Amino acid sequence: MFEKIWNNHVIVAEQGKPSILYIDLHLVHEVTSPQAFEGLRLSGRKVRRPELTFATMDHNVPTKDRFNISDPISKQQVDTLTTNCQEFGVKLYDLNTIDQGVVHVMGPELGLTHPGKTIVCGDSHTSTHGAFGALAFGIGTSEVEHVLATQCLQQSKAKTMIIRFNGKRKPGITAKDMILGLIAKYGTDFGTGYVMEYTGEAIRTLTMEERMTVCNMSIEAGARAGLIAPDETTFEYLRGREYAPQGAAFDAAVEQWKALVTDEGAEFDSVIDFDVDSLIPQVTWGTSPGMGTGITSTVPVPENLPTENERKAAASALEYMDLKPGTPMTDIEIDYVFIGSCTNGRIEDLRAAASVARGHKVSSNVTAIVVPGSGRVKIQAEKEGLDKVFTEAGFEWREAGCSMCLAMNPDVLKPGQRCASTSNRNFEGRQGRGGRTHLVSPEMAAAAAVQGRFVDVRTWDFKSEVKA
Amino acid sequence: MEAFVKLNGLVAPVDRVNVDTDAIIPKQFLKRIERSGFGQFLFFEWRWDEQGNVIPEFNLNKPRYQGASVLISRANFGCGSSREHAPWAIMDYGFRCIIAPSFADIFYNNCFKNGILPIKLSEEQVDDLFKRTEAKEGYTLNVDLENKVITDNDGLNIAFDLDEHRRQFLLQGLDDIGLTLQHESAITAYETKRAAAANA
Ligand code: SF4
């Protein structure tokens, strides 16, 4: 599949040089774009295809009083994006539109993300869009400028890896657990230099939103991009969306999309089989997404790890996380819960978290916030009454944005605070200096909020079903 | 872009695996809209504590490593966010060359766009460099991109590998966008062909 998309987009391929690859969709946000627009200005260049370029603001926006950005530098960055989009004729979904949101939530929602497209954004989690069978990857600011100016990128072809998620998920096991489990087993750099394609029975039964969760974290395995072959689930998701083809054009597009699927017997540079049957809910204990384990397990003992580098890394992570080796994961107490981000800030994630929270109360020691991934997710959730479920349980209901996923806005952990987070990175200081992040699924995060510590959501007392 | 041909520079070690771009340049410094001035914030949370005091144990704070232009570190350097602020900060601080057993893709790519040479060596070779650096105050390396070798004054001589296109790119300090625009007619032809196919 990678091969097919690649070949459809290569314009120039010369021996010994990176190929020139055409880009179908370029998403832009406020943090990684100012220097790129500035570069265009300095060299007197224009945006080649403004109609293939879409912008939003997400990283800096406050989730409480969103029009009042108190940090002057944040405000400048947001304002700079507005002026740049006006000057260069780029469509911007700003804070006044319901479509504003985390760039990787917004794109698919608008139907901008299609199978077979090449999609880039100055953001590493662009891999999310691979869930549709699009070749989507993150780029740096120089490359953002490059795409703005030429609608192309110079790229060397990646190697291919296939990851087969075999078996069936047990109740309580989410897409987040699948990807966290995979990275816990194989580490954070096994995908470096590769485009990964996820297949297998357990992938085919995932909804689009769940597939996005899996592809989102491909970058946490080091991969350039993650891909899932499009199928009926993909087509149904896209049907009728604003930027999806409409009517007969849609049916024609579906025929083309079907042809993208990897051929039987295609060869890959690397193959991984991952068993989903025995997977249990995952929690990270360290400062890299690969430092994770099952909820029924314990914090590892660094001395028992196989290599010197792993022992050193684990010891330093445990010191930062203030965890004792051998502690059961269910004994770890938390201060904060963040539900949101481009990994788990979609409507299904909020439904899942709400189904756990319903009828319970957030522990008195815990601050818990729910941040919808976009304006549309927020409105949908409110229609379904999920906001009520959350607020009655003691969660704060916020406005859309990246929020505490990287804490560039006012939502920041204090030093030493421990957070159960549905985001994708648990690096030191990611959610605030000295803050300690544990990555989990939305269900696990909601349960942890209630108990004040991690619990195995498979044993949860669901008070009632939430209507889907 | 500034070309990179040869470098003779003091070596500074950051002995960690998975050095992520959040650590290289924390997000509170990503709000600027310029490319310059990020060096002062490089490894911010490792250089200063919460009260703003210098953390003396961190290598870059030690007098012996001041003025270093070669950074050595461990596997998966530059993982995490795609922020180009990371190479900007590294460059602005004064580093022109990073040596590690492996780099994350986006970061690796971003280095070349900014005139930084990332060199991949084996775990053993990097380990050896760590030992040499620690053993000798003022330890310097000669990095010769023309011939793809690293030498020191004690007889070390390591050949390194680099994609030929990337090597030329750095040696000549080329402008990427300019290179692509040389293919303007091919791009336009592609766009025309695609538009025709879509309307067929
Ligand atoms: S939600 Fe987090 S990971 Fe996603 S784009 Fe925003 S900051 Fe990046």
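The values are calculated or read from the model by the stated rules, or taken from the named source; none is laboratory data. No experiment lies behind these values; they were computed from the predicted model shown. Positions of Cβ are generated from backbone atoms using ideal geometry, with glycine treated the same way; all protein chains shown enter the neighbour counts. Note: accessible area is taken over every heavy atom of the protein model, side chains too, but ligands, DNA and RNA are not part of it. Shrake-Rupley method; radii C 1.70, N 1.55, O 1.52, S 1.80 Å.
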Test set (1) closer than 17 Å to B:L181 by Cα; (2) more than 13 Å from every other protein chain (Cβ to nearest Cβ) - A:A55 fails condition number: (1)
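Conditions (1) open to solvent by 20 Å² or more (accessible area, probe 1.4 Å); (2) among the basic types (K, R), marked per residue:
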residue: A:G89; (1), (2): yes, no
residue: A:G116; (1), (2): no, no
residue: A:H129; (1), (2): no, no
residue: A:G138; (1), (2): no, no
residue: A:Q155; (1), (2): no, no
residue: A:K170; (1), (2): yes, yes
residue: A:K176; (1), (2): no, yes
Single unsatisfied condition, A:L95 versus (1) assigned to a helix (DSSP H, G or I); (2) within 20 Å of A:G401 (Cβ to Cβ); (3) in contact with a Lys or Arg (Cβ under 7 Å, 6 or more places away or on another chain); (4) not basic (K, R): (1)
When residues of the stretch B:9-65 are limited to those that are at positive phi and either within 19 Å of the chain's Cα centre (by Cα) or among the charged types (D, E, K, R) (or both), the one modelled with the lowest pLDDT: B:G37
Output for the stretch A:217-238, where each listed residue is away from chain B (no Cβ under 14 Å) and either open to solvent by less than 60 Å² (accessible area, probe 1.4 Å) or at pLDDT below 95 (or both): A:L227, A:I228, A:A229, A:P230, A:D231, A:T233, A:T234, A:F235, A:Y237, A:L238
Helices (runs of 4 or more DSSP H) lying entirely in the stretch B:79-164 (those with 1 or more residues that are surrounded by fewer than 21 Cβ atoms within 10 Å (Cβ to Cβ), without any contact (Cβ under 8 Å) to a residue 12 or more places away in the chain and away from the ligand (no atom under 16 Å from the Cβ)): B:123-135
Which numbered condition A:L153 misses (of (1) within 14 Å of chain B (Cβ to nearest Cβ); (2) assigned to a helix (DSSP H, G or I); (3) in contact with an Asp or Glu (Cβ under 7 Å, 6 or more places away or on another chain)): (2)
Any hit, the stretch A:137-150, residues being free of Cβ contacts under 8 Å to residues at least 12 places away in the same chain and either out of contact with any strand residue (DSSP E or B) (no Cβ under 9 Å at 6 or more places or on another chain) or away from the ligand (no atom under 15 Å from the Cβ) (or both): yes
Residue in the stretch A:60-74 that is open to solvent by less than 10 Å² (accessible area, probe 1.4 Å), among the aliphatic types (A, V, I, L, M) and either away from chain B (no Cβ under 13 Å) or in contact with a Pro (Cβ under 8 Å, 6 or more places away or on another chain) (or both) present: no
